[in-house]
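Take this structure, written in structure tokens, and hold onto it; I'll ask about it next.
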Amino acid sequence: IDPSLPRAGKHPPHPRLALNIGITGHRATVLTVPIMMALGPKLDEVFSGLRDAVRKLHKAERSLLSEAEPILRLHTPLATGADQVAATSARTNGYLVRALLPFAPDEYGRDFKRGKENNEFKRQLEIADQIFALPGDRSDGEAAYVGVGKAVVAASDILVAVWDGREGNGPGGTAHVVDLALAASVPVIHVAVDRASGDIGAIRVISGGDSL
């Protein structure tokens, strides 16, 4: 052994603390203007609360963890509405944003209307810290959207759901992704929206079918 080389320590390096959040929620065509206006501050509350809790844990368990700042990361398909609002809120609160797409970016861009909507999607994509596109195929679009929902759940320690609490319109929708998360024992932070009144209700945690 070359004595000039640094000697390895007794223990392996301490792990770096990380928190991965997923987002699912209704699109802008479903959410009313009052809900869209109130959603950003509400998600700021969620993301800042989780950030502060992770930092507190990091400080309390500093003897077991790397001294490096915890990694905070949001996984989002960047659809209009809840996904994009969450991306903006997460970034403001110190999270990395990982775009997790059902198709290649150019193909997925066809989901967004030309003009302002498509331009905003491209902007969100450009400022994302990472982009991962699943090999979805338009010939089976339902499978592609289910696949990206499963990928978001698989990547997440916690799922945030901007959801009206109703049964979904089919596979790949918000209700279905919530069901996938609960089946996988991923806790869900439910940001309840009332489309009729335009209100956002109390935030609750759902885990294993029970609300806390």
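Can you tell me the FRET efficiency between Ala18 and Ser207 if r is taken as the Cβ-Cβ distance and R0 is 35 Å, rounded to the nearest 0.05?
E(calc), rounded to 0.05, equals 0.95.
Scan the chain and note any complete DSSP helix (H) whose C-alpha atoms cover at least 20 Å along its axis and whose Kyte-Doolittle average is 0.0 or more.
Those that pass (Cα extent of 20 Å or more, hydropathy at least 0.0) are 33-60, 141-155.
For Lys113, give me every one of the lysines with a C-alpha distance below 16 angstrom, ignoring sequence neighbours fewer than eight places off in its own chain.
Those lysines meeting the cut-off are Lys122.
Taking one equal scatterer on every alpha-carbon of the range 19-135, how large is log10 of I(q)/I(0) by Debye at q = 0.13 1/Å?
Rounded to two decimals, the profile gives -0.54.
Then there is this: What's the carbon and sulfur percent of the chain's accessible surface, probe 1.4 angstrom, rounded to a whole number? Display every interim value, and only then the final one.
Details: 6280 of 11720 Å².
Looking at the chain in its full context, I get 54 percent from C and S.
Below 8 Å, C-alpha to C-alpha, sequence gap of six or more: please give me the relative contact order for the chain in percent.
So the answer I get is 22 percent.
I need the peptides 93-101, 133-141 ranked by packing, meaning the mean over residues of other C-beta atoms within 10 angstrom, with the highest value on top.
93-101, 133-141
While we're here: So for the range 118-206, what percent of the C-alpha to C-alpha distances run longer than 22 Å?
39
Want the number for Ala60 to Ala196: 0.36 nm per residue separation, take away the alpha-carbon distance, what's left?
Net length gain for the segment: 44.6 nm.
Just to be sure I understand: of the beta bridges DSSP finds with both ends in the chain, what percent are antiparallel, rounded to 5?
25
So how compact is the chain: Cα radius of gyration and Dmax in angstrom?
19.0, 73
Continuing with the same structure: What order do you get for 110-122, 163-175 when each peptide is scored by the mean count of other beta carbon atoms within 10 Å, highest first?
So the peptides 110-122, 163-175, ranked by packing, come out 163-175, 110-122.
The values are calculated or read from the model by the stated rules, or taken from the named source; none is laboratory data. Quick caveat, the model's predicted, so the values are computed rather than measured. Neighbour counts run over all protein chains shown; Cβ positions are idealised from the backbone, glycine included. Quick note on the areas: whole protein, heavy atoms, side chains included, nothing else; ligands and nucleic acids left out. Shrake-Rupley method; radii C 1.70, N 1.55, O 1.52, S 1.80 Å.
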